[in-house]
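Sharing a structure below in structure tokens format, with a few things to ask.
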Amino acid sequence: MTTRIYDDRVDLDSNDIKEFWAKRALSATGLKTVLLGDDKGAQAERNRKECSILEEALSGLKSLRILDIGCGIGRWVENLGDKIETYTGIDFTAEYVRIANGKYADRKDVNFYEMSVCDMSEEILSKDYNLVICTGVLTYINDNELPKIFEKIRELSPEYVYIQESISLMDGRLTLDKFESKELKSNYSAIYRTQAEYEQYFKDFDIIKTDLLLDDEIGGRKETNARYWIGRTK
């Protein structure tokens, strides 16, 4: 079976993806569990770099009301710290939500929920956010669901959005379908879309900053990288 697919559009098995992250949540701790790779130093540097980029862009905001889509263990609570007025994190991996709720049990302004981005509840959608964060999620979402997610983000009308996603650096997309990864020691599935494929969904946002996130030392590759976009709602 071909597990490395160039250009063609294929759907991923969402159950396989959920199983991958459930196993990862049980087998690793800290940043290692939510940022892929084996080098702890690289993971810490990547997190530090992301935090610096976002803090600079949000310097004009005195407080943050955050919706964190794909929150994992809640690293953005730690990253943004005292600027948080309210924080809502959602993740489809129950173990991440359990870990995060335990870690931040003493913070009444912080809440985590087990929930897929494709099925956000009215309770989540009805809150007022000035920042929506979505990092490392969309690469696991099939094409038919992607427009719905951006539509929900637009409906929330946050002042800022921060989206960070693994992308293809080639002319077309790369899809890994149950790819046997020696690095991850597991079968792995993901869709590496091109920058242009994502940016067709950004017409309702003014993108104020975008760039590649990774260099060779923190996970950049020949065919793929991670790109971030910081936007303001029009």
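Can you name every one of the strands (runs of 3 or more DSSP E) wholly within region 130-234 that holds 1 or more residues which are of a type in the set (Phe, Trp, Tyr)? Talk me through it step by step, then tell me what you get.
On the way: elements: 131-135, 160-168, 174-181, 186-192, 205-212, 224-233.
Passing ranges, in order: 160-168, 174-181, 186-192, 205-212, 224-233.
Something else about it: Hey, could you check region 63-78 for residues that are buried (at least 18 other Cβ atoms within 10 Å of the Cβ) and not in a strand (DSSP E or B) and say which is farthest from the chain's Cα centre (by Cα)?
Within region 63-78, the subset buried (at least 18 other Cβ atoms within 10 Å of the Cβ) is 64-77.
Now drop any that are not not in a strand (DSSP E or B), which leaves 70-77.
On the way: Gly70: 5, Cys71: 7, Gly72: 9, Ile73: 12, Gly74: 12, Arg75: 11, Trp76: 11, Val77: 14 Å.
The qualifying residue farthest from the chain's Cα centre (by Cα) is Val77.
Could you identify the single residue in Thr86, Thr93 that is more than 26 Å from Phe20 (Cα to Cα), at pLDDT 90 or above and surrounded by 15 or more Cβ atoms within 10 Å (Cβ to Cβ)? Break it down into steps so the answer makes sense when it comes.
On the way: Thr93 fails: more than 26 Å from Phe20 (Cα to Cα).
Exactly one of Thr86, Thr93 is more than 26 Å from Phe20 (Cα to Cα), at pLDDT 90 or above and surrounded by 15 or more Cβ atoms within 10 Å (Cβ to Cβ), namely Thr86.
Given the conditions (1) in contact with a Leu (Cβ under 6 Å, 6 or more places away or on another chain); (2) closer than 23 Å to Gln43 by Cβ, which single one is not true for Tyr160?
With (1) in contact with a Leu (Cβ under 6 Å, 6 or more places away or on another chain); (2) closer than 23 Å to Gln43 by Cβ applied to Tyr160, the lone miss is (2).
Could I ask something else about it? Does any residue in region 79-93 that is under 15 Å from Leu67 (Cβ atoms) come within less than 6 Å, Cβ to Cβ, of a residue that is among the aromatic types (Phe, Trp, Tyr) six or more places away or on a different chain, and which pairs are these?
From region 79-93, the pairs are Gly89/Phe112; Ile90/Tyr113.
Still on this model: For region 19-62: of the residues being assigned to a helix (DSSP H, G or I) and basic (Lys, Arg), which is modelled with the lowest pLDDT?
Taking region 19-62 as the starting set, the residues that turn out to be assigned to a helix (DSSP H, G or I) are 19-27, 31-34, 40-57.
Checking the rest, the ones that are also basic (Lys, Arg) come to 23-24, 32, 40, 46, 48-49.
Working: Lys23: 88, Arg24: 85, Lys32: 69, Lys40: 57, Arg46: 87, Arg48: 90, Lys49: 92.
The selected residue is Lys40.
The rows are residues; the columns are (1) closer than 20 Å to Cys118 by Cβ; (2) in contact with a strand residue (DSSP E or B) (Cβ under 6 Å, 6 or more places away or on another chain).
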| site | (1), (2) |
| --- | --- |
| Lys148 | yes, no |
| Glu155 | yes, no |
| Glu165 | yes, no |
| Met170 | no, no |
| Lys178 | no, yes |
| Lys222 | no, no |
| Ala226 | no, yes |
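If you don't mind, another one. Give the residue that is farthest from the chain's Cα centre (by Cα), with candidates limited to residues of region 79-128 that are within 17 Å of Ala25 (Cβ to Cβ) and acidic (Asp, Glu).
Glu95
Filter region 102-127 down to the residues that are free of Cβ contacts under 8 Å to residues at least 12 places away in the same chain and not in a loop (DSSP other than H, G, I, E, B) and list them by number.
Of all residues in region 102-127, those free of Cβ contacts under 8 Å to residues at least 12 places away in the same chain come to 102, 105-106, 108, 119, 121-123, 126.
Those that are free of Cβ contacts under 8 Å to residues at least 12 places away in the same chain and not in a loop (DSSP other than H, G, I, E, B): Gly102, Asp119, Glu122, Glu123.
While we're on this one: Determine, yes or no, whether Thr93 is β-branched (Val, Ile, Thr) and more than 21 Å from Pro158 (Cβ to Cβ).
On the way: β-branched (Val, Ile, Thr): yes; more than 21 Å from Pro158 (Cβ to Cβ): yes.
Yes; evaluated as a whole, the condition is true for this residue.
The values are calculated or read from the model by the stated rules, or taken from the named source; none is laboratory data. Quick caveat, the model's predicted, so the values are computed rather than measured. Using ideal geometry, Cβ is built from the backbone for each residue, glycine included, and neighbour counts are taken over all protein chains shown.
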